[in-house]
Amino acid sequence: MVERLSLAGLSALFQQNPWAPQRLAGFAGKTFCFTLIDAPAGLPEEFSMRIARDGYFEHWSSKDYDLSLSLVFDPALIAQFAQQGPNALLPRLKVEGDVMLAAAIGEVFRDLHWDFIGPISHYTGPVIAHRLDLHLQRCASSLKRYVVASAWARREPSTASQETRPGPSM
């Protein structure tokens, strides 16, 4: 289910960025797998895809890949991602296989731009779409500040298991 939604979201992004599938079309038929090691519950541990003739991604279910990307999940990575964006993942990303394919996929994901306002304005009108975008940017900014200031970013030990009630008085 999550993989299908991810493919649909990537297709929508590629439609907004027509250069992206054009960049990947030269790798048609190539396959890759992204593995998230120690993934939180609810997230799939593995996404596998193939590049179609038109440069879009499609589902791939074989265990034979041209490129394998793996990343060990760490809660601190969320804060680093909030601060640095996708570049925070690069030092931790393990790449095995076709390095030219890895470079092309990396370029595409680095340079993708999501136009949120365009598709939404068809339903809400441009003024409401712009206001919604502004509010979402503010929410994202607040969430970013919260995550960066959280214990995940500071790597402090959790106090969740410590006793917080006062002991018995004598």
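Among the residues of region 8-42, what is the count of those that are of a type outside the set (V, I, T) and over 21 Å from F73 (Cβ atoms)?
Residues meeting the conditions: 21.
For region 60-78, which positions are surrounded by 14 or more Cβ atoms within 10 Å (Cβ to Cβ), more than 24 Å from Q22 (Cα to Cα) and of a type in the set (D, E)?
Selection gives D74 alone.
Return only the number of the condition from (1) closer than 24 Å to Y146 by Cα; (2) touching a strand residue (DSSP E or B) at 6+ places or on another chain (Cβ under 6 Å); (3) not hydroxyl-bearing (S, T, Y) that K94 does not satisfy.
With (1) closer than 24 Å to Y146 by Cα; (2) touching a strand residue (DSSP E or B) at 6+ places or on another chain (Cβ under 6 Å); (3) not hydroxyl-bearing (S, T, Y) applied to K94, the lone miss is (1).
Output the residue which, of all residues in region 84-130 that are acidic (D, E) and assigned to a helix (DSSP H, G or I), is surrounded by the most Cβ atoms within 10 Å (Cβ to Cβ).
E107
Mind checking which residues of region 26-77 are under 16 Å from L112 (Cβ atoms) and among the small types (G, A, S)?
Of everything in region 26-77, just one residue is under 16 Å from L112 (Cβ atoms) and among the small types (G, A, S), namely G55.
If I filter region 29-54 down to residues being small (G, A, S) and surrounded by 13 or more Cβ atoms within 10 Å (Cβ to Cβ), which single residue comes out as farthest from the chain's Cα centre (by Cα)?
Per the stated criteria, the residue is A52.
State yes or no: is A79 more than 21 Å from E3 (Cα to Cα) and among the hydrophobic types (A, V, I, L, M, F, W, C)?
Spelling it out, A79 is indeed more than 21 Å from E3 (Cα to Cα) and among the hydrophobic types (A, V, I, L, M, F, W, C).
Sort through F57, F81 and tell me the only one that's surrounded by 15 or more Cβ atoms within 10 Å (Cβ to Cβ), at pLDDT 80 or above and aromatic (F, W, Y).
F57
Could you go through region 70-79 and let me know if any residue there is under 22 Å from A140 (Cβ atoms), touching a Pro at 6+ places or on another chain (Cβ under 7 Å) and not acidic (D, E).
Yes: region 70-79 contains one or more residues that are under 22 Å from A140 (Cβ atoms), touching a Pro at 6+ places or on another chain (Cβ under 7 Å) and not acidic (D, E).
Got at least one residue in region 105-118 being at pLDDT below 80, closer than 30 Å to R50 by Cα and of a type in the set (D, E, K, R)?
Checked against the condition, which is being at pLDDT below 80, closer than 30 Å to R50 by Cα and of a type in the set (D, E, K, R), region 105-118 yields at least one hit.
Which of the numbered conditions does L71 fail, given that it passes all the others? Conditions: (1) within 14 Å of L7 (Cβ to Cβ); (2) in contact with a strand residue (DSSP E or B) (Cβ under 7 Å, 6 or more places away or on another chain).
(1)
Answer yes or no as to whether P91 is of a type outside the set (A, V, I, L, M) and more than 20 Å from L13 (Cβ to Cβ).
Yes, satisfied.
The values are calculated or read from the model by the stated rules, or taken from the named source; none is laboratory data. Being a predicted model, the structure only gives us computed values, none of them experimental. All Cβ positions, glycine included, derive from the backbone under ideal geometry; neighbour counts span all protein chains shown.
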